[in-house]
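Enquirer: Here's a structure for you.
Derivation of every value follows stated rules applied to the coordinates shown; laboratory data play no part. Nothing here was measured: the structure is a model prediction, and the numbers come from that model. FYI the Cβ positions are ideal-geometry reconstructions off the backbone, even for glycines, and counts take in every protein chain you see.
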Amino acid sequence: MSDKPTIFDPTTVTKADVAAAVYDRVGGFSKRETSELVDTVFKLMKDALACNEKVKISGFGNFSVRYKNSRVGRNPLTGTEIEIESRHVATFKASPVLKSLVNGGASMHGDEDDD
């Protein structure tokens, strides 16, 4: 268990938790407006990814869509070979800032390019 202080009570943070935290920290918006704002941000990110665009959030990381070729896989229970169809998958690569923070480093602030 980590000794780091958390801003959220649960171990899994939901979209509603994010909206509540934004409401508490930003002010000037109703809870409904804050929830709509958070929904809009995530919708814009999903729409960009659906159009195969990269989403870059400085200090956090990059979301992108990657194409995976079809391949032969194996059913782990029976050992039977099956073809796994080609598909697109969403990927996330954490920025150096986020990696450092997750690994116990101090929070770094900067606008470096997160590749």
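Enquirer: Assuming R0 = 25 Å, can you tell me the calculated FRET efficiency for the pair Arg87 and Lys43, based on Cβ-Cβ distance, to the nearest 0.05?
Expert: Details: r = 22 Å, r/R0 = 0.90.
According to the calculation, E is roughly 0.65.
Enquirer: What spacing in nm lies between the two simple spin-label points modelled at Thr78 and Thr14, each 7 Å away from Cα in the Cβ direction?
Expert: That separation, rounded to one decimal, is 3.8 nm.
Enquirer: Can you give the Rg/Rh ratio of region 11-50, where Rg is from the C-alpha atoms and Rh is the Kirkwood radius?
Expert: Answer for region 11-50: 1.03.
Enquirer: Fewest Cβ neighbours within 10 Å first, please rank Tyr23, Tyr67 accordingly.
Expert: Fewest-to-most Cβ neighbours within 10 Å comes out as Tyr67, Tyr23.
Enquirer: Let me ask something else. Contour minus end-to-end for Ala50 and Lys31, with contour as 0.36 nm per residue of separation and end-to-end as the Cα-Cα distance?
Expert: Once the chain is fully extended between Ala50 and Lys31, it gains 4.0 nm.
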